[in-house]
Amino acid sequence: MGYIFAYLSPVLTHLVMSTYIPHKRRKSSTHHTTAEIPSFLENSPFFIPFSETHHSQTPKAAPRPTLSQLLRSRNTRRLLLFLAFAICLWYFMPRKGDISYDALGRWGLLRGGGAQCLYDPKARAEFPVATARSDSEPAKSIHGLDFKGLDFSGIDWARYAYVTYVTHKEVLCNALMMLESVKRLGSMAQRVMLIPDTEEFETEGYGSKSAVKDGLVKKLLGFAEKNYGVKLKRVRILNIKMNYQMWADSYTKLLALNMTEYDRIVVLDSDATLLQPMDELFLLPPATAAMPRAYWLETPTLASHIMLIQPSTAEYLRAQKAVAKAQLGTYDMEIINKLYGTSCIVLPHRPYALLTGEFRRPNDRHRQYLGGGEDWDAEKAKREAKLIHFSDHPMPKPWDEITLQDVAENTPKCGQEAVIGSDEPDACPNRKVWSALYREFRERRKLICELDSP
């Protein structure tokens with residue numbers, strides 16, 4: 001028994017030492033050789049021979065990573081993403097000298113917001129070049145656009161039309177005034193008024209009970225046809241129940257998309273005043289829809305108070321579906337932007353989309369309308385404008401009842417442009433132009449419709 005214990009004791013000691021003290025052996029700079037092992041253990045089955053060659057061998061250095069491995073590494077991917085973000089941030093950052101529209105366009109494109117066609121320089125309307133008729137009658141330029149001397153030969157004007165729409169009798173006179181302006185300014189296109197398919201607007205001899213009872217409708221529809229050559233087209237008013245029913249009725253303008261008897265149509269809201277002819281719009285390259293930018297809004301948006309469209313049954317059906325799905329707060333402008341925000345042609349807001357509210361802004365707050373590098377001139381703005389839209393909230397529309405308080409609270413304030421010591425309207429260009437627009441509208445309303453404004 002003692003012999004067996006004496007034999008196994010060194011073996012157990014070796015096993016214990018190798019199990020519990022492995023780190024010391026690996027950290028030692030010297031290694032035990034077989035000469036240091038007792039002779040009786042050299043051939044023992046319990047002893048694992050020690051390889052000095054194996055333990056003394058220096059570990060090989062790791063191979064250098066390849067370019068492919070470097071590119072696939074996590075740190076490299078993070079670095080590349082950071083650099084890409086920094087470059088995009090630098091590129092889209094508004095720079096000194098940018099006009100607000102271009103800067104907003106780059107940021108809007110980055111966010112994917114607004115009408116995308118407004119970001120595309122190729123979507124901007126390209127008007128034909130006008131030539132002078134004679135040395136004494138040079139081509140007329142408005143904000144860099146030449147219109148006088150355009151060649152309209154060869155155009156079948158029966159295929160082109162100006163269209164306005166009426167949703168109730170209170171705006172019938174406005175629509176008539178718009179089409180009167182179209183004729184008076186010498187347009188060669190057709191003039192069409194969309195009227196409700198109701199007894200109140202019955203045109204057959206103007207003899208319906210409602211028309212006889214309400215002589216206003218009878219009189220104005222007669223003026224439209226006899227005096228101004230307007231074609232009356234009866235339609236079913238497109239609307240849905242909304243908090244602001246006046247805007248909900250404006251879906252009716254989308255019915256013009258179904259007027260396939262015309263090649264191109266200019267659709268006009270009636271709460272505006274037309275100052276110059278716009279037949280040049282019909283010469284633009286083919287496009288399903290063309291509209292100006294709503295420059296007064298921060299989000300890039302197409303304005304819908306003037307639209308150049310190519311009627312199409314397919315487009316009309318698209319519009320019908322959009323109206324059917326409209327929710328609270330979705331009106332004609334929102335639908336137009338949804339339908340054509342990625343494919344439209346952009347008309348210049350100068351001279352097609354000036355708001356009366358622009359004349360109420362301080363002289364240093366016209367950057368959205370003017371762009372950069374130009375000073376505001378109220379009289380020049382009116383001279384170059386072809387269409388001015390009455391949009392002056394909270395100022396009532398010019399055909400509504402306007403109180404002295406409305407005028408006092410909303411009349412443009414005279415700033416640095418006013419003549420010192422003078423309270424006359426002429427001393428303040430903004431006030432002069434703004435007041436004249438409202439006054440002239442009311443005067444024309446009385447002249448054309450024989451109606452006094454409230």
Label-point separation (nm) for E443 and N363, each offset 7 Å from Cα along Cα-to-Cβ?
2.7
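Only sites in a loop by DSSP and with at most 13 other Cβ atoms within 10 Å count here; which trypsin sites (Lys or Arg not before Pro) in the range 339-387 make the cut?
On the way: sites: R360, R365, R367, K380, K382, R383, K386; in loops: R365, K386.
Here the sparse-neighbourhood loop sites are R365.
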From the phi angles alone, apply the Karplus equation (6.51, -1.76, 1.60; θ = phi - 60°) to the range 305-314 and give each ³J(HN,Hα) in whole Hz, x where the residue is Gly or Pro.
6, 9, 9, 9, 10, 10, x, 7, 4, 4
Starting from 0.36 nm per residue, how many nanometres of slack lie between R124 and D377 once their C-alpha separation is accounted for?
88.6 nm
So how far apart, in nm, are the two label points at S312 and I87 if each is 7 Å from Cα heading toward Cβ?
3.7
³J(HN,Hα), Karplus 6.51/-1.76/1.60, whole Hz, each residue of the range 367-374, x for Gly, Pro
4, 5, 7, 7, x, x, x, 9
Protection proxy (average C-beta count within 10 Å per residue), highest first, orders 68-80, 163-175 as 163-175, 68-80
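Could you tell me the relative contact order of the range 353-454? Use alpha-carbon pairs under 8 Å, at least six residues apart, and round to a whole percent. Numbers along the way, then the final one.
On the way: 104 pairs, mean separation 32.2, N = 102.
RCO, the range 353-454: 32 percent.
Can you classify the range 353-454 as rounded, prolate or oblate using the Cα gyration tensor, where a ≥ b ≥ c are the square roots of its eigenvalues, rounded means a/c under 1.5, and otherwise it's prolate if a/b beats b/c and oblate if not?
On the way: a/c = 1.92, a/b = 1.45, b/c = 1.32.
Note, shape of the range 353-454 comes out prolate.
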Can you flag which of K382/K432; K218/K386; K169/K233; K183/K386; K183/K382 are past 19 Å Cα-Cα?
K218/K386; K183/K382
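Quick note: the coordinates plus some simple rules give every number you see, no bench work behind them. These numbers come from a predicted model, not from an experiment. No Cβ is skipped: glycine too gets one built from the backbone with ideal geometry, and neighbour counts run over all protein chains shown.
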